[in-house]
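Heads up, the thing below is written out as structure tokens.
The values are calculated or read from the model by the stated rules, or taken from the named source; none is laboratory data. Quick caveat: nothing in here was measured; it's all calculated off a predicted structure. Methodologically, a virtual Cβ is constructed for each residue, glycine included, from the backbone with ideal geometry; neighbour enumeration extends over all protein chains shown.
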Amino acid sequence: MQRRSGVFRPAIVALGVFLGLAATGCSTPSQSESETNTATTAEIKPESMTSGEILYVLETINLGEAEQAELALQHSRNNEVTQLARRILQDHTASSQAVDELEQAVETDTESASSSISEGIQFQVNAFLEDMAGLTGYEFNKTYLEKQIVLHEVSLDVVRTQLIPGADEPAVLDYLESYRDMLEKHREQAQQSLKDVL
């Protein structure tokens with residue numbers, strides 16, 4: 001799947017979560033903030049998206065998660081962090097291949113399928129990498145796990161409230177449901193790993 005930068009479109013309100021996280025250094029929101037953000041994004045009508053745009057969002061998430069996992073594997077010696085990073089890298093690499101196959105199966109093209117959602121996700125990936133620069137040891141491990149929880153919650157929210165409601169191809173919808181389950185497992189594993197690290 002080739003990436004081509006598209007024309008910037010203003011981010012939809014649902015991606016205010018991404019921008020808010022970037023402005024606060026991707027800190028983990030409190031329970032009430034998380035509930036407010038979820039309630040706000042759940043009320044927003046899904047952006048009209050083609051199958052190509054939906055698959056491009058998944059590919060943007062996959063590439064970002066793989067890049068973050070590789071960073072963790074390079075910089076952490078903590079077993080909890082490296083186990084999670086290996087799992088995320090393995091699952092999102094496999095997902096990238098599945099998305100490429102799905103793109104061919106539904107005969108869609110993602111080459112110019114950038115959307116405000118994929119742009120917001122890419123912005124968040126870049127902010128994550130910038131925030132992690134210079135961190136080492138315990139601070140790196142703790143911050144990586146906290147950010148994985150938040151980023152997976154945001155990705156889950158996008159999949160649930162924007163991508164699944166916008167999918168019109170049965171094969172894409174089926175894949176989105178399994179993708180949602182994968183994100184939930186990663187978030188749960190990150191939550192457990194953070195408890196073990198603290």
Q: Scan region 166-184 for residues that are assigned to a helix (DSSP H, G or I), under 20 Å from His92 (Cβ atoms) and in contact (Cβ under 8 Å) with a residue 24 or more places away in the chain and jot them down.
A: Ala171, Val172, Tyr175, Leu176, Tyr179, Arg180, Met182, Leu183, Glu184
Q. Can you tell me how many residues in region 96-148 are under 20 Å from Ala167 (Cβ atoms), crowded, with 20+ Cβ neighbours inside 10 Å and of a type in the set (D, E, K, R)?
A. 2
**Q.** Single residue of region 186-198 satisfying the filter (exposed (fewer than 14 other Cβ atoms within 10 Å of the Cβ) and part of a helix (DSSP H, G or I)) that is nearest to the chain's Cα centre (by Cα)
**A.** Glu188
Q. When you go through Val125, Val172, Val158, Val99 one by one, which is the residue that is modelled with pLDDT of 95 or more and touching an Asp or Glu at 6+ places or on another chain (Cβ under 7 Å)?
A. Val99
Q.
For region 59-118, which positions are more than 23 Å from Val197 (Cα to Cα), free of Cβ contacts under 8 Å to residues at least 12 places away in the same chain and either of a type in the set (Phe, Trp, Tyr) or part of a loop (DSSP other than H, G, I, E, B) (or both)?
A. Glu107
Q.
Residue under question is Ser115, and the condition is that it be over 15 Å from Ala190 (Cα atoms) and hydroxyl-bearing (Ser, Thr, Tyr); does it hold?
A. yes
Q.
Suppose the filter is buried (at least 16 other Cβ atoms within 10 Å of the Cβ) and of a type outside the set (A, V, I, L, M, F, W, C); does Tyr175 pass it?
A. yes
**Q.** Checking His152 against (1) touching a residue at least 40 places away in the same chain (Cβ under 8 Å); (2) closer than 22 Å to Glu67 by Cα; (3) surrounded by 17 or more Cβ atoms within 10 Å (Cβ to Cβ), the condition it does not meet
**A.** (1)
Q: Could you tell me which of the residues Gly64, Gly137 is closer than 22 Å to Leu176 by Cβ, out of contact with any Leu (no Cβ under 7 Å at 6 or more places or on another chain) and small (Gly, Ala, Ser)?
A: Gly64
